């Protein structure tokens, strides 16, 4: 065989190998029969473990919806805030639906489908607090903030705002502190606070809307097909009215303003 012929043959062989390699892809959610979803076990209205070990809440219903849209079964495990990304990376969970806000730092470690809802940081006070219509009316007062959350720092960044921050390990403890009048307010995402209102009489939301948070479905990087399938499912959830129905189901009567429920702007799948 002449040199030009050998070069041409090698080129054809290399192209064939490249094409063959191109058909291989990393494991995808779409290859699995059952998806394991990590859910917060301690947030009423979002993710709460019942006495019998099952889970309930908005995030649970969303997980069931998107799994069904992908033709998959779904199982649940409980994950606290600090364990959400580790559970995904070490393979205990395939999806995380646990108030996981989309941030630039997290996007370097995991991928996000969605967001599947947008929320705002808000403030919770007792209903008998008089003359408190906005966050600045609580200047210098005592705020409960869960350890590891950055919501207190965002509130303190407001011009002229001061407060005494009282740390707590979880929102159950914050609720006990505010009902016993050891703190004056709780600050975090409005959907979390709305769940506390639903469970505990005598509390109300201020509607402060301090900063917007986009909550997405966490999944492992390198699965654009699975991510895009989840985005299609989230879109359908809004278009067929399920998103609005679930919002009313879990947050109706709490004072959370969700009159307009629209498809969030997606982050894009990497």
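Run through the DSSP bridge list for the chain and note the antiparallel percent, rounded to the nearest 5. Mind dumping the intermediate values first?
On the way: 20 of 36 bridges.
Here the antiparallel bridges make up roughly 55 percent for the chain.
Please give the calculated 222 nm ellipticity per residue for the chain, where each DSSP H segment of at least 4 residues contributes -39500 (n - 2.57) and the sum is spread over every residue; nearest 500 deg cm²/dmol?
Theoretical 222 nm ellipticity from helices: -10000 deg cm²/dmol.
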> Using only Cα atoms, what Kirkwood radius does the stretch 120-205 have, in angstroms?
Replying inline: 12.6
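Shape of the stretch 159-214 from its Cα gyration tensor (a ≥ b ≥ c, root eigenvalues): rounded if a/c is under 1.5, otherwise prolate when a/b > b/c, or oblate?
oblate
Does the stretch 181-270 come out rounded, prolate or oblate, given a ≥ b ≥ c as the square roots of the eigenvalues of its C-alpha gyration tensor, rounded meaning a/c under 1.5 and, failing that, prolate meaning a/b above b/c?
Working: a/c = 2.77, a/b = 1.85, b/c = 1.50.
Prolate.
Cα convex hull of the chain: mean projected area in nm², to one decimal? Display every interim value, and only then the final one.
On the way: hull surface 75.4 nm².
Value for the chain: 18.8 nm².
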>> Compute the helix-to-body angle for 224-239: its Cα long axis versus the longest principal axis of the chain, expressed 0 to 90° and rounded to tens.
In response: 50
>> Cut-off 18 Å, label point 7 angstrom out along Cα-to-Cβ of residue 82: give me the residues of the stretch 139-169 whose amide nitrogen falls inside.
In response: 145-152, 167-169
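Hey, fewest Cβ within 10 Å first, where do 237, 155, 161 land in order? Could the numbers behind the result be given before it?
Numbers: 237 21, 155 24, 161 14.
If I rank by nearby Cβ atoms, fewest first, I get 161, 237, 155.
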> Angle, helix 3-22 long axis vs. longest principal axis of the chain, Cα atoms, 0 to 90°, nearest 10?
Replying inline: 30
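Just so you know, all these numbers are worked out from the coordinates, no wet-lab data involved. All values derive from a computational prediction rather than experimental measurement. Every residue, glycine as well, gets a Cβ built from its backbone with ideal geometry; the counts of neighbours run over all protein chains shown.
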